[in-house]
1. Residue under question is B:L175, and the condition is that it be on the phi < 0 side of the Ramachandran plot and part of a helix (DSSP H, G or I); does it hold?
2. Let me spell it out: the conditions are (1) free of Cβ contacts under 8 Å to residues at least 60 places away in the same chain; (2) under 18 Å from B:Y79 (Cα atoms), and B:R176 meets all of them except one. Which number is the exception?
3. Out of curiosity, is A:R279 of a type in the set (D, E, K, R), away from chain B (no Cβ under 14 Å) and under 22 Å from the mean Cα position of the chain (by Cα)?
4. Looking only at the range A:182-216, which residues are facing another protein chain (nearest Cβ under 10 Å), among the aliphatic types (A, V, I, L, M) and not in a helix (DSSP H, G or I)?
5. Does A:A87 meet the test of being closer than 30 Å to A:S156 by Cβ, surrounded by fewer than 19 Cβ atoms within 10 Å (Cβ to Cβ) and of a type in the set (G, A, S)?
6. Are any of the residues in the range B:127-148 surrounded by fewer than 23 Cβ atoms within 10 Å (Cβ to Cβ), in contact with a Cys (Cβ under 7 Å, 6 or more places away or on another chain) and either farther than 30 Å from A:A173 by Cβ or more than 14 Å from chain A (Cβ to nearest Cβ) (or both)?
7. Please specify each residue of the range B:137-148 satisfying the condition of being part of a loop (DSSP other than H, G, I, E, B) and touching a Ser or Thr at 6+ places or on another chain (Cβ under 9 Å).
8. Identify, by number, the condition in (1) surrounded by fewer than 22 Cβ atoms within 10 Å (Cβ to Cβ); (2) within 14 Å of chain B (Cβ to nearest Cβ); (3) without any contact (Cβ under 8 Å) to a residue 24 or more places away in the chain that A:S221 doesn't meet.
Number of protein chains: 2
Amino acid sequence: MREVVAVDWGTSSLRVARLGADGRAIEEREFARGILTVPPGGFPQAFDEACGDWMKSPDALAVICGMAGSKQGWREAPYAPCPAGFAEIANRLTWIEPNRIAIVPGVVCEIDGSPDGAPDVIRGEETKALGVLRMLRLNDARIVMPGTHCKWVRASDGCIESFATFMTGEFYAVLRQHSIFARTMPPEDGELDRGAFLRGVDHSIRRGNLLQSAFSARTLSLFDRITPEAAPSYLSGLLIGEELRTQDLMPNEPLVLAGADKLTQRYGIALEHLGVPFRSLGQEATWLGLHAIAQSGS
Amino acid sequence: MREVVAVDWGTSSLRVARLGADGRAIEEREFARGILTVPPGGFPQAFDEACGDWMKSPDALAVICGMAGSKQGWREAPYAPCPAGFAEIANRLTWIEPNRIAIVPGVVCEIDGSPDGAPDVIRGEETKALGVLRMLRLNDARIVMPGTHCKWVRASDGCIESFATFMTGEFYAVLRQHSIFARTMPPEDGELDRGAFLRGVDHSIRRGNLLQSAFSARTLSLFDRITPEAAPSYLSGLLIGEELRTQDLMPNEPLVLAGADKLTQRYGIALEHLGVPFRSLGQEATWLGLHAIAQSGS
C-alpha cells in the first residue's frame, strides 16, 4: 500500500493531506496558493513547499485534483468523457513524475449529445463526487457541490453519468458588487437573514425567470419592504432558488450536499424549506476520492 | 389647444420636443443631462437650458415623463396603480408649476396581488406604451420596451393592465465586464454576430435556466467552439432568449417592439427567428403619449 499524498489544488486555495490506509487524513494543511497566485513555472516549488517533506518517503504517491490540471495550471490533464468512474479516471492520469506525482483529469459531459453543442466540464468535483459514493457506499446518487460554480453530478453504477454547472456563486458576486443592487445594499454581507433568504427562494421558484425575479430585489428595497441589511440574503435566496427550480430530483435517488462552507449551508436551508430530503458531507470526500484513485491507478 | 413641450427625462439622457397639434415633434433636442448628472436643486436650470425658450409662450404646457419623477429626480411623482390609462395618469400629474409644468407618475403593479409581495414599477415606459396604443389605434396589445431593464406591458381596453421588468440589459453589462466571461472576450463589442446570437437564444430556451445556460459561454470558448469575437453576441443571445422564454405570448394579441436602438433590433432578430409576429416602432411613441396626457389633463 503506497503512502498517498492528496492534493486539492483549486483556483484560490491549495489543500494537501497525508492519508492513512483508510483514505482519511492523518495530517492536513491549507495554503492561499491557488493556481492564480502561482507564476508560470512555479508549480514544482509551490508543491514542494506545501508537502515536499511528505514526498521524501520513497514510497509516497501524490495525486492532485482540481484546476492544477487546467491550461492555467501545472500541466493540462485532458478531460475524461462521461461515464467516468474510478477506473476510467485512474487510467487517464497525467504524470508529472512517473509513478510519483499524478494529476487527475477533469470530466467533460456533452450535454447536447453532440460536439456542436455546449459541453459541460468539472475539475476537482469529479474526485469529490466519487469520494462521496465511496464514503456513503452508494452507487447511484445526486451530488451537489456548491461554489462559485455549483456542480450537480448524477452518479449511476458508481460512475459519473452526467453533470451540470450553475454559475450561482459568480452571479451573486457580480450582481452584489456591480449591479444596481450595490447602491442600496451595505458594503459587506452580514449574517444570513433566514426569512429574507427563504422569501427569495420562494419568489424565484414562483416567478420562473431570474431576469424577472431579480428585479424584485430592487423594488422591495424601493418600497421599504426589505431592509438594506436583509437584501443580500434575499438576493442569495433568489439565486439559489433559481438553481433549485429546474433540478429533476428523483424520489428514490439519494441527494448529497457536499461542502462545509456557509454557502453550502444555505443550500441545506433551502432544500429543507422545500421539503427535499438530503444528506450532508464535508470536504473530506475529496481525500477519499483521491485515495481511491491512487489505489485504482497504482 | 395648448402648445405642448414634451420632456423625456431619464437616468442618462434628457430629450425634449415641441409638439404639433397632432402630437408629432415639430422640433427635437437631446442632451446628455440625465438625472444622474443634475445636482440637487439643479433641475429648474437644466430644464430651462433645454427648453426655456419654448416655455416663453404664455400658452406652453410642459409634460415630463421618466426618472425626473423619481426620488432622485426633480420631484417625486407617486406611482399610479394598474390599470392605468390616459385619464388615470392625467389625474395624477405632479405639478411643478400649476398649469405650466407637470410630471407624469410612474405606474406600480402588485404582481403578487398583495402589498407583501414584490411590486413592479415603470417610469417613462407607461407614457411610451400609451403612446404606442394611440399611434397604432390599438386598445389591446403587448408592448416590449428593451433597455437596461426591459419592460413588457400588457394593455387592455386602452389601459396598462399589468407589466413585468426583465433586467436583461443590466445582466449583460455586469456579466460582460465583471464575470469570468470578461477574460476571454474582446474588451469592446463588435458588430452583432447573428449566428452566434441566435445560437445563444436557442440554447437558453432549450436549457430553461440562465444560471446553467450561461456556463456554455465559458465552455464553448474553452473548447474553441466559439471565437472570442462572437462570444459577446452569444451571451447577448443567451440573455434575450432567457427573457423571451417565459413570455406568455397570446396568438391574437398584437406584439409591439418599441425602441430604435441596436438592443431593440436584437429583440426583433430573436422574435423573427422564433416565428413570433410583431410590429416595430421608434421613440416617437413617447411624444404621442405625452401629448395625449397633456390633452387629458388640461
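The values are calculated or read from the model by the stated rules, or taken from the named source; none is laboratory data. Note that the coordinates shown come from a computational prediction; the quantities given were computed from them, not determined experimentally. Methodologically, a virtual Cβ is constructed for each residue, glycine included, from the backbone with ideal geometry; neighbour enumeration extends over all protein chains shown.
1. Answer is yes for this residue.
2. Answer for B:R176: the failing condition is (2).
3. Taking the combined requirement at face value, the residue satisfies it.
4. Residue satisfying the conditions is A:A214 alone.
5. In short, yes.
6. no
7. Within the range B:137-148, B:N139, B:D140, B:P146, B:G147, B:T148 meet the criteria.
8. Failed condition: (3).
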